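Quick notes on the structure that follows.
Computed from the coordinates by the stated procedures, all read-outs in this text should not be read as laboratory data. Keep in mind it's a predicted model, so treat the numbers as computed, not measured. Note that each Cβ is placed from the backbone with ideal geometry, even for glycine, and that neighbours are counted across all protein chains shown.
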Amino acid sequence: MIMDNARSTPRLFCAPGPGFRSLLEEYAGRILGVFAYGACKPEPPPSDVPFAWIPMPVFEAEAWYEVWVSAQAVTLRRAPDRSLACDGELLFGTVVLDDPGDDALDAGAFALYSILFDTLDREGYPALLRVWNYFPRINEDTSGTERYRAFNVGRHEAFCSKGRVIAEGAVPAACALGTRQGGLQVCFLAGKVPGTVIENPRQVNAYRYPSDFGPRSPTFSRGILVGDALLISGTASIVGSESMHPGDVALQVDETLRNLKTVVEQAGTRGFDTGDHAGLHLNVYLRRPGDYPIVRRMLDRAFEGARHVAYIVADVCRADLLVEIEAFWLPQGK
Ligand code: 3EB
């Protein structure tokens, strides 16, 4: 098969607040999906484009919009609890379920991921590439299991029950973050063909985390190459499988930067060529709003020239982690 990378490369454009409207016009008919991060419900796109409001406070704006754009025309489908956009190479979708409650979060995650996998099978985009997982009170534990850990049980079991292999090269890139309100919300990017999965040799592959971190391991990889773009999963201060530097945000940022650098190096061995930071987008999640000045200073230095860096307040999925960074990197000229 001749690989036409440009056709299967998603593009990302970001704008604060109402600035996203000009992006909608510019890329009309090719938009895969729109995210809006903000504490208050922002204006949705005026169409059937998949849209996810992520209820999290952001710095420097009322809301940050991410507009994910295909290289070709998309077709759209929408139901009350889900939406889809597909372009023949990539499929972007959202699924939302009411919060099932603390003692049924595993069942909720199972139901949601079952819908997700059924959708991929029905639409003919079998390769799950990147998932965004959001739900409130992610670190709370009122039923004897932390909600994140319960979520992992249902997610893992849906992978197994829908015939997905949990192994090297077969799990999607992902993030999992706590929102301020709302139900279970999952957004996903899938493909006709698999991407190139990236893992991090400084870290145990997440699907092999020992059971100290929950009865079922989380099913994600550290990153993935989709066409010419590198999508880096939520990355934090973890070495091996242990959280490092509890309580010290500066050391956690340093450790996170070492992990990001390693992921990019690994992508380099699979043909990814970064060039400069001009095509780099970052989302930086802070548990404590007060950490913004120091983290901002450190990342301004580390990622000078980055195209877009959003700072977002969110609960990171391990209670001892203060910061998590995810990235989209499409080298300029691609
Ligand atoms: C970690 O490395 C930090 O459960 O989908 C990062 C990215 C994290 C994705 C997920 C969790 C997830 O374990 C947390």
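Dividing the alpha-carbon Rg of segment 185-334 by 2.2 N^0.38 Å yields what?
Scaled against compact globular proteins, the figure is 1.02.
Determine, for S143, S70, the number of other Cβ atoms within 10 Å of each Cβ, and report the residues in order from fewest to most.
By the 10 Å Cβ count, ascending: S143, S70.
Among the lysines, select those whose C-alpha is under 18 Å from the C-alpha of K162, and discard any that sit fewer than 8 residues away in the same chain.
K192
Given the options F59, F92, F35, which has the most mean-square fluctuation in a GNM of the chain, springs set between C-alpha atoms less than 10 angstrom apart?
Fluctuation is largest for F59.
Distance from the Cα centre of segment 1-33 to that of segment 226-296, in angstrom?
Cα centres, segment 1-33 to segment 226-296: 24 Å.
Using Cβ contacts closer than 10 Å as the measure, can you line up T9, T75, T94 from fewest to most?
T75, T9, T94
Mind giving me the FRET efficiency for K41 and Y292? R0 is 25 Å, r the Cβ-Cβ distance, nearest 0.05 is fine.
0.65
Using unit Cβ charges (K, R positive; D, E negative) and no other charged atoms, how large, in debye to the nearest 20, is the dipole of segment 128-265 about its Cα centre?
Dipole size: approximately 500 debye.
Beyond 20 Å, what percent of the Cα pairs of segment 7-129 remain?
Value for segment 7-129: 48 percent of Cα pairs lie more than 20 Å apart.
For T196, T219, what's the fewest-to-most ordering of other Cβ within 10 Å of each Cβ?
Lowest count first: T196, T219.
Near K334, which aspartates and glutamates are there with a Cα under 14 Å away, not counting those fewer than 8 places off in the same chain?
Those aspartates and glutamates meeting the cut-off are D4, D228, D273, D276.
More than 13 Å apart: what percent of Cα pairs in segment 13-59 qualify?
That fraction is 53 percent.
Ranked from highest to lowest mean number of other Cβ atoms within 10 Å per residue, what is the order of the peptides 160-169, 314-323, 285-294?
Final packing ranking: 314-323, 285-294, 160-169.
For every other residue with a beta carbon closer than 9 angstrom to the beta carbon of R216, add +1 if it is Lys or Arg and -1 if Asp or Glu, then tell me the sum.
Summing Lys and Arg as +1 and Asp and Glu as -1 gives 0.
Got the relative contact order for segment 189-234 handy, in percent, Cα pairs under 8 Å and 6 or more residues apart?
Computed value for segment 189-234: 37 percent relative contact order.
Take the alpha carbon atoms of the chain, find their radius of gyration, then divide it by 2.2 N^0.38 Å using N residues; give the quotient.
Scaled against compact globular proteins, the figure is 0.91.
Which value, to two decimals, describes the C-alpha radius of gyration of segment 73-136 once divided by 2.2 N^0.38 Å?
1.19
Considering Cα pairs under 8 angstrom that are at least six residues apart, work out the relative contact order of segment 192-282 and quote it in whole percent.
Averaging sequence separation for qualifying contacts and normalising by length gives 28 percent for segment 192-282.
At Q181 and R270, where each label point lies 7 Å from the Cα along Cα→Cβ, what is the point-to-point distance in nanometres?
3.9 nm
Using only the alpha carbon atoms of segment 150-266, find the Kirkwood hydrodynamic radius as the inverse mean reciprocal pair distance, in angstroms to one decimal.
Here the Kirkwood hydrodynamic radius works out to 15.3 Å.
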